[in-house]
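Here the structure is laid out as structure tokens; the discussion comes afterwards.
What follows draws every value from the coordinates through simple rules; no lab data is involved. Since we're looking at a predicted model, the values are computed, not measured. Positions of Cβ are backbone-derived with ideal geometry, glycine not excepted, and every protein chain shown enters the neighbour counts.
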Amino acid sequence: MEPFVLNTVTTGATCIAGGTRPVPELLYIQSWKQMVQGLSAGFTGRHGGVSEVPYDSLNCAFHVGDDPEKVIRNRQLITEQLGFAAEAWTCGEQVHGNHVAVVKSADRGRGFKDRASAFQDTDGLLTDVPGILLTSFYADCVPLYFCDPVKRVIGLAHAGWKGTVAEIALKMVQTMQTEFGSRPSDLLAAIGPSIGPDSYEVDEHVMSRIRVLEHDCPGNDHWEGSVYFPLASGKTLLDLKQCNRHIMMKAGILPSHIECTTLCTSSRSDLFFSYRKEGGVTGRMASWIGLEER
């Protein structure tokens with residue numbers, strides 16, 4: 001069953017004042033909503049915002065060249081829909097690395113209104129503070145979600161191919177262990193919408209790093225035909241979702257605790273932005289995870 005479920009609210013819902021406003025497309029990790037009290041987690045679609053072409057319409061990121069005021073408004077629309085304060089939105093400046101930041105109460109809202117205040121050089125975020133909405137940005141890379149329902153710790157990681165081979169998923173779990181005392185066997189994990197193997201062709205430079213990763217994942221050393229698929233051209237089709245799933249298992253997360261989407265950002269351009277498919281000029285979706293304040 002697909003873990004990311006699209007909301008059914010239509011764009012143009014009536015406001016209390018009698019006008020209309022855009023309603024953002026949101027895909028929720030449905031099973032987590034039911035399993036963990038007060039948890040909200042999911043991924044945005046591309047519709048239901050105020051940005052104009054080529055960022056139409058729910059662009060969530062400043063760095064693509066969109067009008068910053070429209071980006072802020074899109075973020076407000078999302079937080080309103082989720083029931084969080086706008087200032088709960090907290091994010092990092094992603095660099096395709098594996099640095100993980102622990103978000104404290106005083107960090108709430110970093111990156112909401114500008115890039116300068118965001119966590120710099122950061123692709124992973126963790127917190128145990130209710131009322132903070134962790135977010136990160138995508139247009140083909142892999143969103144990774146982490147939840148410790150025992151310690152009530154949550155996290156997000158951004159994994160392109162560089163972050164994947166740098167094993168940011170493993171770094172997230174290790175940080176949860178050292179900072180919060182989490183046990184890997186307790187953790188829930190999810191892998192969100194990203195470019196699928198039918199659309200993600202890579203060269204030997206990337207594959208040389210993937211083979212090292214394959215060798216370092218004990219018990220998972222036969223990836224050809226399931227994680228990567230060589231082509232006659234010399235290029236290779238790569239499944240980044242499955243790469244990250246193997247790293248999560250290496251970190252000690254139980255396979256039965258890992259939800260993995262089938263949604264591809266490239267093939268579903270009706271629903272998502274795709275950097276590769278749209279020639280690099282497009283908007284960004286956001287992943288989110290937060291614990292409601294009691």
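Observations on the model:
- Principal-axis analysis of the Cα atoms of the chain puts helix 68-82 at an angle of about 90° to the longest axis.
- With a threshold of 24 Å on the Cα-Cα distance, the over-threshold entries among Lys104/Lys162; Lys151/Lys171; Lys33/Lys241; Lys33/Lys113; Lys235/Lys277 are Lys104/Lys162; Lys33/Lys113.
- Listed values (i) 20.5; (ii) 21.4; (iii) 19.1 include one computed from this model; for Kirkwood radius over Cα pairs in Å that value carries the label (iii).
- Förster radius 25 Å - calculated FRET efficiency between Asp114 and Glu179 (Cβ-Cβ, nearest 0.05): 0.40
- Sorted by Cβ density within 10 Å, fewest first, the residues Cys264, Cys147, Cys60: Cys264, Cys147, Cys60
- Residues whose amide H lies under 5 Å from that of Phe119, counting only those 5 or more places away or on a different chain, are Cys91, Gly92, Glu93; hydrogens are built 1.01 Å from N in the peptide plane.
- Percent antiparallel among DSSP beta bridges (both partners in the chain, rounded to 5): 75
- 3J(HN,Hα) along region 107-114: 8, 4, x, 4, x, 5, 9, 7 Hz, from the Karplus curve 6.51 cos²θ - 1.76 cosθ + 1.60 with θ = phi - 60°, whole Hz, x for Gly and Pro.
- Using 0.36 nm per residue and subtracting the Cα-Cα separation, the extra length available between Ser226 and Glu201 on full extension is 7.5 nm.
- Residue-wise HN-Hα couplings along region 151-160, as the Karplus relation 6.51 cos²θ - 1.76 cosθ + 1.60 with θ = phi - 60° gives them from phi, are 7, 6, 10, 10, x, 10, 9, 9, 10, x Hz; Gly and Pro carry x.
- Taking the Cα centre of region 154-294 as origin and assigning +1 to Lys and Arg Cβ atoms and -1 to Asp and Glu Cβ atoms, the resulting dipole is close to 160 debye.
- Residues whose amide H lies under 5 Å from that of Ala159, counting only those 5 or more places away or on a different chain, are Val142, Leu144; hydrogens are built 1.01 Å from N in the peptide plane.
- With the simple spin-label model, which puts each label point 7 Å out from Cα in the Cβ direction, the Ala106 to Met35 separation comes to 3.5 nm.
- Against the main long axis of the alpha-carbon atoms of the chain, helix 204-215 sits at an angle near 80°.
- Folded to 0 to 90 degrees: helix 240-250 orientation relative to the chain principal axis, Cα: 70
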